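Structure record follows, encoded as structure tokens.
Quick note: the coordinates plus some simple rules give every number you see, no bench work behind them. Fair warning: this is a prediction, and the values are worked out from it, not measured in the lab. Quick reminder, even Gly has a Cβ in these numbers, built from the backbone with ideal geometry, and neighbours come from all protein chains shown.
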Amino acid sequence: MGKSFLLGMMSLLVLCGCSPSGADRQADRITVGFSQVGAESEWRTANTASVRAALEAPGFNLKFSDAQQKQENQIKALRSFIAQRVDVIAFSPVVESGWETVLREAKAARIPVVLTDRAVKVSDDSLYATFIGSDFVEEGRKAARWLLQDSEGKPGPMRVVELQGTVGSAPAIDRMKGFHEIIDADPRFRIVRSQSGDFTRAKGKEVMEAFLKAEDGKIDVLFAHNDDMAIGAIQAIEEAGLKPGQDIRIVSIDGVRGAFEAMKAGKLNATVECNPLFGPRLAELVRDVHAGKPVPKRVVVEEGVFVASQAAAELPKRKY
Ligand code: GYE
């Protein structure tokens, strides 16, 4: 092999950048713009940690934005991701409707969109590549089925109050739908009050106080669309001199650590699991979508139901 040939090969290697320089490693990374709902609940905190851990790993360049529960902030964030020409947009839409225009803008810019956790209502489902999240209607049904089971042999009437999640959000709409589908068919139950507590502890407590006043304490069951609102409501019930978990039976959704602690203390009766730890699966979907590989249009997260008697044994195993 001649000297000049070797030299030629070496300069070729340098030219084609076969030894990875910093700039090349940067170019290999997938830039993802992620717009999160906010920090309204324990569930959301766990979800943010899971998404961040997965998309801050090598191979990704994450641009994270917190919408503080406001759709206008999310739309702004999405437009800024489009202007920055990110590779993939992922977001958890705070409410279901009002996304057509901005999603069309992303499509026109050829930036694929992955929906996480909450769904959108759009006329054209080619506006997003895939949606990963829970089946919220089924979660509502699971809460209702628990209530039916726990009410076996009880004659009724039973007065039920409902703390709804954020108005217009997919989990509030769907959990309500699933719960009512089952409860409305049983004449022993009467839903006497139903109002939004915006998925937060503070609002859950405030609205429960109002319920207790309006119903003069005559409430048998509370269904809360998330654990945080149930935990807020538990405080309101105790302050009203009643025993949560006994005088008022409570079922909520998420399965966060705080719910297991409340169940262990006998103050919450059951929680329906909603798993926020889908960051790793999201990272896979982002990689596939970016590579132009086919992905399922819907990826459902598997989850269970836990009752108070399981709390002590389950608590140390909980990951969120
Ligand atoms: O249940 C609630 C959170 O969208 C599934 O949002 C999520 C819900 C979750 O604030 O705690």
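Here are the numbers for the structure shown:
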item: Cross-link pairs K154/K218; K177/K264; K154/K203; K70/K205 - those with Cα-Cα distance over 27 Å; result: K177/K264; K154/K203
item: Relative packing of 149-162, 109-122, which averages over residues the other C-beta atoms within 10 Å, highest first; result: 109-122, 149-162
item: Mean-position separation - Cα centroids, the stretch 106-143 and the stretch 270-320, in angstrom; result: 15
item: Residue-averaged 222 nm ellipticity for the chain, from DSSP H runs of 4+ at -39500 (n - 2.57), nearest 500; result: -13000 deg cm²/dmol
item: Set of lysines near K297 by C-alpha distance (under 20 Å), chain-local residues within fewer than 8 positions excluded; result: K107, K121
item: Listed peptides 244-253, 205-214, 63-72 by packing density, highest first (mean Cβ within 10 Å); result: 244-253, 205-214, 63-72
